[in-house]
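Colleague: Below are the structure tokens for one structure; questions will follow.
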Amino acid sequence: MSFPTFLKGFLILLLMPVLVIGGFAAYTYLSNAQPPSGLMRCDIEPQIVFTGDPVSYKVSFLGDKARPAEMRAPPPLDIIFAVDTSGSMHSSLPDMVSAARTVADELVASNPSGHIRFALSQFHDSSEIKLEWNTDPAVLHSGLSSLDRRSGNSGTVQAFEVINHLVGGMRNESTKVLVLYTDGHIGINESIINTAESLRSKGVHVFSISPPGYNTEGMSLITGYPSRVLHPTGVNDLIKRFRMVADEVMGLYGDRATLFHNVDRDNFIPSLPNDSEWQVDALGYMQLNIGYLPYKLVNYTPKTLIPQHIGQWKVALNPPEARFIDMANKAQSIACDRRPSLLVISWWLLILVYLPALLWLLHYLLNRRPALELPEYAPPPIHTLPPPSPLPLPSSSTLTRKPVVPTLFVGLGGTGRQTLLAIQEQLRASHLEASDLPYRFLWIDIDAHEKEKNILFQGWPELTVKEAVAPKEIRQTSVYLEDYLPPMLKAVPAHLQWFQPIKLRDTAADRKDLSRGGQGQRILARFALFKWLETDNLLNILQNEHKALLNLASIDNTRQIILFADRTGGVGSAWTVDIARLFRRIGQIGKPQFTPEIIAVLGDDQGRVNEYEQSNLQALTREMETACLAGSFPQHVCYRPGHDLLDTVDNQAPFNYVFAFNDCDRVSMIQQCADFGAVLVERYPRYTLFKHPVNRGQIMETQVRGIHVLPDLDYQLVKREILLRILGTDVLLDLETVAEHLAIKSISEEHASKLLSQWNSNEPPGTPWQFLLLAVTGIAGDTQFFDRMNEVESPNSIWFQQAFSASLNRLLRGKRIDGRWERTCMPGEAVATLRLFAQRLEQQLKSLAPPNSEIYEMLQDIIRLARNSADSLQAWMKTFIPLCEEIVKEQEIWLQQCDMEKIIATHTIIQLPGDKQRISQWSEQALRQWVGSEDVISALCERVYFNTRLDNDELTVTFAVQVDTPQEFSSAQDALSALQVHADAVAHSVPVLKVEGTLANLHEQGEEKQLQTLSGSLVNSQEKAEQVIMVTPSPVDSDDEIILQDFCRTIANPPGQATASNCYGDDYSALRRLQLRTENLPLFQEQSELPFVQAAEQAAEQVRKRAMQTFELELPIFPTALRIALAHSEPFQSFAKAYKAGHIVRQPDTAGMEQWLLSDQNKFLTFGKANGLADAAANYVYLVKKPASSFVQVDPAGDFSEFDNWLDSGAPPHIEDVFVLIAMRVFED
């Protein structure tokens, strides 16, 4: 049997049962859809069921059709609800309210708008209207809900008074209805009966409804008819009674009606619940007492029938019939004019009717024969090169640094700016292009021309320096200085009392212009700072930088601010204390748990000495000593009166640590400061440095000597050399230099022809694609190609496109020859070859193919793909050219930087960067290590290449990189970015980019003499040192550790220097040796006044000058504690009087140590080892709140014998207490 025959028979057998059952179903629906002609209608749902499924049989009375013509438009209806709310009615009121609402909603819904009106009253001991006439049932609902529930009796007379009032508002043409809801205990008497009769005579239909269980027979005297006294049995019946009132006044078709239905019990079983209203009589008829028949549609309670047998059945033996008494009191009946039909089917019936179709299908399946299948033509397989094994990811650098300390580097003045650039150079070398470093840089200056000056260091462009240069109106000090000079002579504000403008009267005008720096004018520079702080510009910068520092993540909440300044310059010496003090104040806002440490790193160019530099240094040193005692002696310094931050008392020292670098060479001094800054950001070297006890305010004279490699410069050169090798002519791009620019290498037509022949010879022989290549090589192969294509079966155009794509991939990738991978055709050569291939196809083959034939269309497609791929390859190369030129340009820039490197005495560079031969060797070594082979070019050619993809007849050229996870790129920039990532990682593996690797290289080369020279360069044997720290990189492996240990053993430890503490850091670019000792500046004894800018120093300096004039002897600078005391002249004068009067005495403390005591208050003025008379004076100033102006002389009086000895000797005081005695004598005068 054929399949068409089977399908035809199967469809006939399948559709016949559908048509038969569908016909019966259509007949059932159509017969049931006929509209009834009488007043009764019966329906059944559903009309098609399975046996045993229940159906619902519903009978309806079409009362709206029975209404006589004169009653088709019923008159309006006015209904009064009069409700008894006396105590006996409370329990039934909710049911009455619900029933009244339901009936009211039905009436309004079934009549025209405004046809039905309602009024509501209540009565008990008194009566009142709850609702005047209204057509809105929602308003009636509200009135019913507001009925009062009060105790008392039913008020009869009052009730009818209200009812009479409402009856007066009824419409003349309306049907008038009064519904009394009461229990009947309303005191019926003759007056009430007469009133009710009067209402009825006016056409008012009176009804009485009472709660269940009450005797209301007397209410018939009110209603006039016993039938209008209604006795509901429950809530549902109460609704019916209210509905009956409405129906009766609107008219009835019949009354006392009963519904009869004779069910076909042979085919149906009635299913009636126990509470069903349907009953079965003795003859088997089903009966339903339906009461009256209103002039409206009524759907009676449906009953459930269960069909028993399949077939199309009439549900009843006779149509349902309603028997009733009409309004003339005659017996009547009406019946449905038809019986509904029901189609009953079963699952067995469905299986039976479809059984022939199933048997037909089984017969076909058992007897069918397999079709004879002819083998389809299979084109030759296309050979594709499998992807090569990817190279591993370059090993990541093992020189991973530990988290550094978040740091804000602040440079003050020109030296500060140069130091910031120098520290950036140091960090650039140690971090090797790491990103997201927790460093910030801020340069503060008054010199608008500093940026025009030659820079000594290259810095690190990736780490920007925030610049804060005073505006022009601040730099031009003469503008606001004239206010305090003749003839203006304005009074100097209280917070500027330290400033004595009269001393600047004879200063030249160009010296008052600070646009080119402070020029050593310390006082004028600080005055400019105060004027700058009168605006919020500088303060906002400091606050923003401090906030940014706090936002840098820290593993232990340690952060630091390092200030770099020249302590001999105008800006550096004048601003250092103030800037540190402002940062300290900013850090105390909100009383945070952790505040940044503030470290001053001060430079001193000893080779540049002039008239003001040494005095600036001395003045700053003494002021720092005083400022750092703020923790013991709080100091008030006001920069702007009334400002919360600029006008406050300092109770913390502005500095945590102060370090000074002295060098005769400015560049060396700056380099040492930068080396020291690079050490401070490393946690363990920093910890080693600070665990040595340092007194607050004590300046540590420091030297840093180091040996360095410059890995950042060599690293930049190596990674670009690696990148150029990958992109170069040996691996990827056949470019040549033309007029100092790169260009695609030109290919002659002869060379392209040879390449085309080579392409043909490299293809698997005998395939249609190889015949096509052969046809254009000039060997007259076109006959073979057309003969092959004219065979009965040959590949189509899609096959040739796929073959072209695969063949071009093989051409671009190359092949393995004698064990190594070779690129037999470079991209530029491929461009020329493809263009020649397309040209010959156009000229030699396409003209021979019949137009519009499959061969013709195929040749057109191949020509199009060849030209498009040539264009794409050429576009790739043109895009690569500027990228390669940019790399070459960057290489030249880095080589120029190598030529600019500085030779610094304290900063020994082991090997200068930029040696081209060394860079080439390192690059080759790194590439071999990465590819795991000596043949770098072969490994790279195999894994970095151009690739093609065919998609919907379009050929796309991509760039493939087979490293770890194979990647393909569609743009040269993306491809270059991926190669740069790999080149960066490969460059990191060069071992000599770290200092220990370079030391090992020197050792392998036998350069022991140079190693000895290097170790000697780290030690300054002429200087004594209290602390020596040798900072070396953490060894990566045991070999590195041995190299470092052997080298450190050769470093001498001169007499007078502490034994070096060796500690490991994370800077692999340097070894550093730190020497520290407490600075002891010689006491300044010049006659000229030091340029103090702090109030304490100025007051003390005035006393010192007076003492030298009074006693005609030279005096050095007063001790720090005494300078603090002298800043408060009246308290110090009180101290002097107390001492002279014998009230300041010596007395041992509990530890037995002699201390100074204020005997009047029995209060010690000194503590611990700080027990000199100067300490007593300073503590007296701060501890004695109300110093006395006079004291009673007691014995013994104050001892001035040491003062007399000094005065007699004429030598400088050798005891600190003598300075206090001198100051007391000056105050006597």
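A short reminder: the numbers here are calculations on the coordinates, not readings from a lab. Since the structure is predicted, the reported quantities are computational estimates derived from the model, not experimental observations. When we count neighbours, we look across all protein chains shown, and the Cβ atoms used for this are built from the backbone with ideal geometry, even at glycine.
Colleague: Can you list residues from other chains, or at least 5 along the same chain, whose modelled amide H is less than 5 Å from the amide H of LEU393?
Modeller: ASP964
Colleague: If you don't mind, there's one more thing I want to ask. Could you check the simple spin-label distance between ASP266 and THR384, using points 7 Å along Cα→Cβ, in nm with one decimal?
Modeller: Spacing of the two 7 Å Cα→Cβ label points: 7.8 nm.
Colleague: With everything on Cα atoms, drop me the angle between helix 749-762 and the longest principal axis of the chain, reported from 0 to 90° to the nearest 10.
Modeller: Tilt relative to the chain: about 60 degrees.
Colleague: What is the fewest-to-most order of THR824, THR879 by other Cβ atoms lying within 10 Å of their Cβ?
Modeller: THR879, THR824
Colleague: Highest mean first, how do 801-809, 921-929, 129-137 rank when packing is the count of other Cβ atoms within 10 Å averaged over residues?
Modeller: Final packing ranking: 801-809, 921-929, 129-137.
Colleague: Shifting gears a bit: In the stretch 967-992, which residues have a backbone nitrogen under 12 Å from the label point lying 7 Å from GLN925's Cα in the Cα-to-Cβ direction?
Modeller: Only 989-992 pass the distance filter.
Colleague: Then there is this: Under the rule of -39500 (n - 2.57) per DSSP H run of 4 or more residues, summed and divided by the residues of the chain, what mean residue ellipticity at 222 nm is obtained, to the nearest 500 deg cm²/dmol?
Modeller: Calculated at 222 nm, the ellipticity per residue is -13000 deg cm²/dmol.
Colleague: As an exercise, use a Förster radius of 60 Å and the Cβ-Cβ distance of SER746 and SER478 to find the FRET efficiency, rounded to the nearest 0.05.
Modeller: 0.30
Colleague: Moving on. Enumerate the amide H contacts of LEU293 below 5 Å, restricted to partners 5 or more residues apart or on another chain; note that Pro and chain-start residues carry no placed amide H.
Modeller: Hits under the 5 Å cutoff: TYR253, GLY254, ASP255.
Colleague: Label points 7 Å out from Cα along the Cβ direction at ARG918 and ALA331: separation in nm?
Modeller: The answer from the label model is 13.5 nm.
Colleague: A follow-up question, please. Can you compute the FRET efficiency between GLU854 and ARG368 using 1/(1 + (r/R0)^6), with r the Cβ-Cβ distance and R0 = 45 Å? Round to the nearest 0.05.
Modeller: Once rounded, the FRET efficiency stands at 0.75.
Colleague: Taking the Cβ of GLN1012 as the center, what net charge do the other residues with Cβ under 14 Å away carry, scoring Lys and Arg +1 and Asp and Glu -1?
Modeller: My count for the surroundings of GLN1012 gives -1.
Colleague: A further question on this structure: With each pseudo-label sitting 7 Å past Cα toward Cβ, what's the ASP1199-THR258 distance in nm, one decimal?
Modeller: 14.3 nm
Colleague: Can you work out the FRET efficiency for the pair ALA33 and SER98, with r the C-beta to C-beta distance and R0 = 30 Å, to the nearest 0.05?
Modeller: That gives a FRET efficiency of 0.20.
Colleague: Could you list, in their original order, any pairs among LYS1105/LYS1186; LYS591/LYS1185; LYS176/LYS330; LYS453/LYS512; LYS202/LYS296 whose Cα atoms are separated by more than 25 Å?
Modeller: Beyond 25 Å: LYS1105/LYS1186; LYS591/LYS1185; LYS176/LYS330; LYS202/LYS296.
Colleague: I'd like the Karplus ³J(HN,Hα) series for the stretch 1193-1208: coefficients 6.51, -1.76, 1.60, θ = phi - 60°, whole numbers in Hz, and an x wherever there's a Gly or Pro.
Modeller: 5, 10, 9, x, 6, x, 8, 10, 5, 5, 5, 5, 4, 5, 4, 6
Colleague: Identify which of the listed values of Rg/Rh (Cα atoms, Kirkwood Rh) was calculated from the structure shown: (i) 1.06; (ii) 1.29; (iii) 1.01.
Modeller: (ii)
Colleague: Right, here's the next one. Cross-link partners among lysines for LYS745, C-alpha distance below 27 Å, same-chain residues fewer than 8 apart left out?
Modeller: Within the straight-line limit of under 27 Å, LYS745 reaches these lysines: LYS719, LYS754, LYS815, LYS878, LYS889, LYS916.
Colleague: What angle, in degrees between 0 and 90 and rounded to the nearest 10, separates the Cα long axis of helix 537-551 from the longest principal axis of the Cα atoms of the chain?
Modeller: Helix 537-551 and the main axis of the chain meet at about 70 degrees.
Colleague: Taking amide H positions as placed in the peptide plane 1.01 Å from N, state which residues far from ILE747 in sequence (5 or more) or on other chains have amide H under 5 Å from it.
Modeller: Distant-sequence amide H within range of ILE747: zero hits.
Colleague: A follow-up question, please. Relative contact order, percent, of the chain when contacts are C-alpha pairs under 8 Å separated by at least 6 residues?
Modeller: 9 percent
Colleague: Okay, next question. How much net charge surrounds TYR300 when only other residues with a Cβ under 10 Å from its Cβ are counted (Lys, Arg +1; Asp, Glu -1)?
Modeller: +1
Colleague: How much of the DSSP bridge set in the chain is antiparallel, in percent, rounded to the nearest 5?
Modeller: For the chain, the DSSP antiparallel bridge percentage is about 55.
Colleague: Could you run the Karplus curve 6.51 cos²θ - 1.76 cosθ + 1.60 with θ = phi - 60° over the stretch 327-338 and give me ³J(HN,Hα) per residue in whole Hz, x for Gly and Pro?
Modeller: 6, 8, 6, 10, 6, 9, 8, 9, 9, 5, 7, 7
Colleague: If you don't mind, another one. Relative to the longest principal axis of the chain, what angle (0 to 90°, nearest 10) does the C-alpha long axis of helix 916-931 take?
Modeller: Rounded to the nearest ten degrees, it is 40.
Colleague: A further question follows. Net charge near ASN852, counting Lys/Arg +1 and Asp/Glu -1 over other residues with Cβ under 14 Å of its Cβ?
Modeller: Counting the neighbours of ASN852, the net charge comes to -2.
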